[in-house]
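First the structure, in the form of structure tokens, and then the observations on it.
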Amino acid sequence: MPGQKFWVWYNQHLLLTTGIAAVLFTLQLVHLYWLTVHVVFHKTFGFSLWNPSPFLEWLLLIVDYTEIPALITTSLVYINELRKKYSIKSALYLIFLNSQFLHIFWITDEFVEARLTGTPEVTILPIWLAFLAIAIDYLELPVIFETIKRFYERINKGDLKKAFQTFKEK
């Protein structure tokens with residue numbers, strides 16, 4: 001099977017692949033903080049608890065777009081788990097992860113377009129749907145923490161030491 005080679009490589013480099021997923025996904029905590037204290041508070045109460053500068057807002061948008069590779073790499077973690085043994089937890093996390101695509105382009109692109117054109121953020125969708133999309137974003141939290149936990153478990157199993165030994169041998 002052609003895909004089998006990939007999964008053999010993936011499992012041989014589980015520390016690296018899980019580490020990349022954990023790092024990319026941890027960046028999303030910055031995005032979730034901004035989303036909460038800036039976007040949600042502004043839309044709900046009419047004021048923001050943190051109003052970042054335009055430069056910092058651009059950096060936040062770039063971080064937000066790292067969500068795409070984060071979703072792909074983290075999905076591979078859970079697909080790999082499901083390949084080995086089915087668990088409802090891995091299946092739910094995979095659903096939580098991929099539900100993020102429902103909101104990524106809508107919310108982020110609204111801010112990007114507004115910054116590029118200088119127009120205010122305007123959505124044609126009702127506000128309750130915006131809050132539903134934001135709620136979907138928070139489904140990342142358990143997956144982020146679980147992925148970080150898996151990375152540390154790989155380190156505790158001695159994978160980091162093995163990786164350094166292999167590197168020194170080459």
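Each value in this text was obtained by applying a stated rule to the coordinates, not by laboratory testing. Keep in mind that what you see is a predicted model, and the values were worked out from it rather than measured. Neighbour counts are summed over all protein chains in view; Cβ atoms, including those assigned to glycine, are modelled from backbone coordinates with ideal geometry.
At 7 Å along the Cα-to-beta-carbon direction for both LEU32 and LEU132, put a label point, then send me their distance in nm to one decimal. That separation, rounded to one decimal, is 2.2 nm.
Using a cut-off of 15 Å between beta-carbons, work out the net charge of the residues near LYS84 (Lys and Arg +1, Asp and Glu -1, LYS84 not included). So the environment of LYS84 carries a net charge of +3. Summing charges over neighbours of LEU97, with a neighbour being any other residue whose Cβ is under 11 Å away from its Cβ, gives -3 when K and R count +1 and D and E count -1. Which of the lysines could be linked to LYS162 by a straight reach, that is with a Cα gap under 20 Å, when you skip same-chain ones fewer than 8 residues away? Within reach: LYS149, LYS170.
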